[in-house]
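The values are calculated or read from the model by the stated rules, or taken from the named source; none is laboratory data. Predicted model, so just to flag it, every value in this text is computed and none were measured. Here the Cβ positions follow ideal geometry from the backbone for every residue, glycine too, while neighbour counts run over all protein chains shown.
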Amino acid sequence: GDSVTQMEGPVTLSEEAFLTINCTYTATGYPSLFWYVQYPGEGLQLLLKATKADDKGSNKGFEATYRKETTSFHLEKGSVQVSDSAVYFCALSPNRDDKIIFGKGTRLHILP
Amino acid sequence: SAVISQKPSRDTCQRGTSLTIQCQVDSQVTMMFWYRQQPGQSLTLIATANQGSEATYESGFVIDKFPISRPNLTFSTLTVSNMSPEDSSIYLCSVVPGSTQYFGPGTRLLVL
């Protein structure tokens, strides 16, 4: 079945460091891909998305490119801030308006 | 977009009792989804609720344990029945008005 695999955390970086969180997926067809973020004590928020191959999603300095040839959707940010400390979930939706399948989440901790 | 509210926001319950969680959306949507997030874990889909039909449950979840109602296009309830400490989780509803899935703030349940 469809699944999402993302790098395990926790990931600890210093402020202004470059961030990559790896995510790969297994799916039939052409899923939509997402990154969600959960800040401490808060609900789940959509960070960015991409709905077809080679699309790049971006938001708040974060980017991820839908790579069908490598079935990947890695999250990157050039310079992280302490406020980026959160849990990040990679996810896919097999079809439009369909359920979301989540990866296990990666906890990111940014040191000042 | 969609604005989703859930009630209650949190509750502490005794083993063997049941709790009904309400989810209200500010627009009409065809499908509503119920997820569970166990402590420190990712989100797992419990069931998909369509208005006017029986909910569709994912593997490992059954209607007797998690009965769902969907009386109209803006409202749904999830009941957690005969609770045990293992049911302590955050329960979230979500909707897809378009190509993006939105999540409610969650109901944090603690079972003693």
Open item on the list: So, in the stretch A:88-107, how many residues would count as being surrounded by 20 or more Cβ atoms within 10 Å (Cβ to Cβ) and either assigned to a strand (DSSP E or B) or under 10 Å from the mean Cα position of the chain (by Cα) (or both)?
Closed with: 11
Task: Residues located in the stretch B:47-99, provided they are assigned to a loop (DSSP other than H, G, I, E, B) and touching a residue at least 40 places away in the same chain (Cβ under 8 Å) - done: B:73, B:74, B:81, B:82, B:83, B:84, B:88, B:96, B:97
Task: Yes/no for residue A:85 being closer than 14 Å to residue B:101 by Cβ and either within 14 Å of another protein chain (Cβ to nearest Cβ) or surrounded by 15 or more Cβ atoms within 10 Å (Cβ to Cβ) (or both) - done: no
Open item on the list: Can you tell me how many residues within the stretch B:89-112 are more than 7 Å from chain A (Cβ to nearest Cβ), surrounded by fewer than 19 Cβ atoms within 10 Å (Cβ to Cβ) and under 13 Å from residue B:29 (Cβ atoms)?
Closed with: 2
Open item on the list: Among the residues that make up the stretch A:34-49, is at least one of them among the charged types (D, E, K, R), within 14 Å of chain B (Cβ to nearest Cβ), within 22 Å of residue A:12 (Cα to Cα) and surrounded by fewer than 19 Cβ atoms within 10 Å (Cβ to Cβ)?
Closed with: yes
- [ ] Return the residue satisfying two criteria in turn: it lies in the stretch B:1-46 and is more than 13 Å from residue B:92 (Cα to Cα) and in a strand (DSSP E or B), and of such residues it is farthest from the other protein chains (Cβ to nearest Cβ).
- [x] B:13
Open item on the list: Just to check your reading of the model, which residue among A:73, A:18 is loosely packed, with under 15 Cβ neighbours inside 10 Å and more than 10 Å from every other protein chain (Cβ to nearest Cβ)?
Closed with: A:18
Task: Only one of B:84, B:99 that is of a type outside the set (A, V, I, L, M, F, W, C) and modelled with pLDDT under 95 - done: B:99
- [ ] Note down all Cβ pairs under 7 Å where the first residue falls in the stretch B:1-28 and is under 12 Å from residue B:75 (Cα atoms) and modelled with pLDDT of 95 or more, the second is surrounded by fewer than 16 Cβ atoms within 10 Å (Cβ to Cβ) and among the basic types (Lys, Arg), and they're at least six residues apart or on different chains.
- [x] B:22/B:7
